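Participant: Would you mind keeping the following structure in view while I ask a few things?
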Amino acid sequence: MVILGIETSCDETSIALLKAEKTKAGFFIESVASIVASQIKIHAPYGGVVPMLASREHAKNLDIIFKKVIREAFGSPKNLKLKIDLIAVTQGPGLIPALLVGVNFAKTLAWAWKKPIIGVNHLEGHFLSFLLEQKTENFHKIFPAICLLVSGGHTQLVYIEKIGNYQVIGETRDDAAGECFDKGARILGLGYPGGPAIATKAQKLKIKNLKLKINIRLPRPMLDSRDYDFSFSGLKTALLYLWQKLNPEEKKKLLPALAFELQEAITDVLVEKTLKAAKNYSVKSIILGGGVTANQKLREKFQEKLKKQNQPFNFYLPLLKYTTDNAMMIALAGFFNYSSLGLKQLQNLKWNKIEAEANLRL
Ligand code: KG4
Ligand code: ZN
């Protein structure tokens, strides 16, 4: 079947077409066409996403992007209702003014084409994005798994028994990991989004050239706590206090070292806690998802640590283009949800049965 995916939960406007089928061996998944239009430039002057601006941009661009994706996939926009079988749209969580644009767009198409529409939890899209454009896997080898979901709005450890069966075993008590990168970058004057800015600055660190008079060591919050929760707001405050103590010359000199240490602190906690969860839950795999998993240091640390484990885990990462928000992951999650429904539930997938939900839970 062909699934149209629509994503507008935050600051990325995205449309995608995915082909997917149930097969004897499992599933066949093929990305057909997709566009992700980032609004970073619009929000950068404000140091974060402004919900009403995001909404306005989605409304302006969604239709244009839709037409481009359709042209790329089918050449002509004729008879679309014969070519598309299911509409999958991000229902939440996210910014309500932003979500509403995508959901209303999807509802209009579902009404006009008389096609089923399925609301997707954005987080499930991130959990499953590692399956996109990868070799078809035997799912028995993957699940149960622990997924570390790290984005600008969420930091969660999720036990995935199988697709569709999720249990959040830990989450952040305050800031998300991506938010800590973003706020940290703002403190250091590095701009938005903070993750890539911190990573680039951290790479510039040449320890030999630095005669550090102060000890740059940031805390690793909740590293040894018994649960699987996280807390990143204290880390950001520790960075702020350190930064405020420096004179302008020290600030300039120590900037790469501070970016490096912030990245180390965040990634140390993420890796340790994920490994702990994977061991204690005796899972087969570790899966990463969300914008922060684009971070090279995080990827490397996982790979290094996994090599040293007595107990081997399979390790799955999304392709870089599918780490941040995109509609392909929404189409994929929509497909799996659809495949699991019974006849009665399938009849309920109507345009007037779905509403955007800012705080949608799994
Ligand atoms: O998943 P995503 O696109 O949006 C949300 O659902 O929130 O994630 C965006 C987050 C931002 O906080 C951004 O700073 C972070 O992902 N990010 C990174 C990197 N690229 C994006 N963080 C660390 N290193 C990166 N290379
Ligand atoms: Zn996201």
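The values are calculated or read from the model by the stated rules, or taken from the named source; none is laboratory data. Keep in mind that what you see is a predicted model, and the values were worked out from it rather than measured. Positions of Cβ are backbone-derived with ideal geometry, glycine not excepted, and every protein chain shown enters the neighbour counts. Keep in mind that these areas ignore ligands, DNA and RNA; they rest on the heavy atoms of the full protein, side chains included. Shrake-Rupley method; radii C 1.70, N 1.55, O 1.52, S 1.80 Å.
Participant: Run the dipole for segment 113-263 about the Cα centre, Lys and Arg Cβ at +1, Asp and Glu Cβ at -1, nothing else charged, and hand back the magnitude in debye, nearest 20.
Facilitator: 840 debye
Participant: Long-range amide H contacts for THR172: which residues qualify at under 5 Å (H placed 1.01 Å from N, peptide plane, sequence gap of 5 or more or a different chain)?
Facilitator: Distant-sequence amide H within range of THR172: THR155, PHE230.
Participant: Whole-Hz Karplus ³J(HN,Hα) for segment 235-249, in order, using 6.51 cos²θ - 1.76 cosθ + 1.60 and θ = phi - 60°, x for Gly and Pro?
Facilitator: Those phi angles translate into 5, 4, 5, 4, 5, 4, 5, 4, 4, 5, 7, 8, 7, x, 5 Hz.
Participant: Any chance you could give the angle, 0 to 90 degrees and rounded to 10, that helix 177-187 forms with the longest Cα principal axis of the chain?
Facilitator: 50 degrees
Participant: Tell me, what is the percent relative contact order of the chain, built from C-alpha pairs under 8 Å that lie six or more residues apart?
Facilitator: Contact order relative to length: 26 percent.
Participant: Here's something else I'd like to know. Between rounded, prolate and oblate, where does segment 228-273 land on the alpha carbon gyration tensor, with a ≥ b ≥ c its root eigenvalues, rounded for a/c under 1.5, else prolate if a/b exceeds b/c?
Facilitator: Judged from the Cα gyration tensor, segment 228-273 comes out oblate (a/c at least 1.5, b/c at or above a/b).
Participant: If we sort 347-353, 95-101 on the protection proxy, mean other Cβ atoms within 10 Å, highest first, what's the order?
Facilitator: 95-101, 347-353
Participant: For segment 92-163, what is the accessible area per residue in Å², given a 1.4 Å probe and the full set of protein chains?
Facilitator: About 35 Å² of surface per residue is accessible.
Participant: Report ³J(HN,Hα) in whole Hz for each residue of segment 6-21, in order, from the Karplus equation J = 6.51 cos²θ - 1.76 cosθ + 1.60 where θ = phi - 60°; Gly and Pro get x.
Facilitator: Result, ordered by residue: 9, 10, 9, 6, 9, 10, 10, 9, 9, 10, 8, 10, 10, 9, 8, 9 Hz.
Participant: Now a separate question. Need the full-extension length gain, ASP224 to GLN303, defined as separation in residues times 0.36 nm minus the C-alpha distance. One decimal, nm.
Facilitator: Fully extending the segment from ASP224 to GLN303 adds 26.3 nm.
Participant: When the accessible area of segment 28-122 is split by element with a 1.4 Å probe, what percent falls to carbon and sulfur?
Facilitator: 60 percent
Participant: Rounded, prolate or oblate: pick one for segment 1-128, where a ≥ b ≥ c are the square roots of the eigenvalues of its C-alpha gyration tensor, a/c under 1.5 means rounded, and failing that, prolate if a/b is larger than b/c, else oblate.
Facilitator: Prolate is the answer for segment 1-128, as a/c is 1.5 or above and a/b outweighs b/c.
Participant: Roughly to the nearest percent, how much of the accessible area of segment 133-272 is carbon and sulfur, given a 1.4 Å probe?
Facilitator: About 49 percent, which is the carbon plus sulfur part of the accessible surface.
Participant: Over 31 Å between Cα atoms: which of LYS252/LYS297; LYS201/LYS284; LYS22/LYS344 fall into that group?
Facilitator: LYS201/LYS284
Participant: With unit charges on the beta carbon (Lys/Arg positive, Asp/Glu negative), name the residue among LEU99, ILE198, ILE87 whose Cα is farthest towards the positive pole of the charge dipole of segment 86-234.
Facilitator: The residue sitting most towards the positive pole is ILE198.
Participant: Under a crude label model (7 Å from the Cα following the beta-carbon direction), how far is LEU346 from MET1 in nanometres?
Facilitator: 0.7 nm
Participant: If each of ARG71 and ALA112 carries a label point 7 Å out from its Cα toward its Cβ, how far apart are those two points in nm?
Facilitator: 1.7 nm
Participant: When the accessible area of segment 281-362 is split by element with a 1.4 Å probe, what percent falls to carbon and sulfur?
Facilitator: Carbon and sulfur atoms account for 50 percent of the accessible area of segment 281-362.
Participant: Also, I was wondering about something else. Apply the a/c threshold of 1.5 to the C-alpha gyration tensor of segment 268-312 and tell me whether it is rounded, prolate or oblate.
Facilitator: Prolate.
Participant: Still on this structure, I have one more. Note down the Stokes-Einstein diffusion coefficient of segment 125-211 in µm²/s, whole number, using a Kirkwood radius over alpha carbon pairs, 25 °C, and 0.890 mPa s.
Facilitator: In µm²/s, the coefficient rounds to 159.
Participant: Sticking with this one: Given the peptides 223-233, 13-23, arrange them by the average over their residues of other C-beta atoms within 10 Å, most packed first.
Facilitator: 13-23, 223-233
Participant: How big is segment 265-354 on each of its three principal axes, counting only the C-alpha atoms and giving the largest first in Å?
Facilitator: 50, 28, 19
Participant: Using helices alone, what [θ] at 222 nm do you get for the chain, with -39,500 (n - 2.57) per DSSP H run of 4 or more residues, divided over all residues and rounded to the nearest 500?
Facilitator: The per-residue figure over the chain is -13500 deg cm²/dmol.
Participant: Report the gain in length on full extension from GLU171 to LYS135: 0.36 nm times residue separation, minus Cα-Cα distance, nm rounded to one decimal.
Facilitator: So the extension gain works out to 9.9 nm.
Participant: A further question on this structure: Might you report the magnitude of the Cβ-based charge dipole of the chain about its Cα centre, with Lys and Arg at +1 and Asp and Glu at -1, to the nearest 20 debye?
Facilitator: Here the chain has a charge dipole of around 660 debye.
Participant: Something else: At 1.4 Å probe radius, can you tell me the per residue accessible area of segment 312-362 in Å²?
Facilitator: Result: 54 Å² per residue.
Participant: May I ask you to evaluate 6.51 cos²θ - 1.76 cosθ + 1.60, the Karplus curve with θ = phi - 60°, for each residue of segment 266-277 and list the ³J(HN,Hα) values in order in whole Hz, giving x for glycine and proline?
Facilitator: The phi angles translate into 5, 5, 4, 5, 4, 5, 4, 6, 5, 5, 4, 5 Hz.
Participant: Can you pull the percent of Cα pairs in the chain with separation above 39 Å?
Facilitator: When all Cα pairs of the chain are counted, 18 percent exceed 39 Å.
Participant: Please report the relative contact order for segment 177-328, taking Cα pairs under 8 Å with a sequence separation of at least 6, and give it as a percent rounded to a whole number.
Facilitator: Worked out over segment 177-328, it gives 25 percent.
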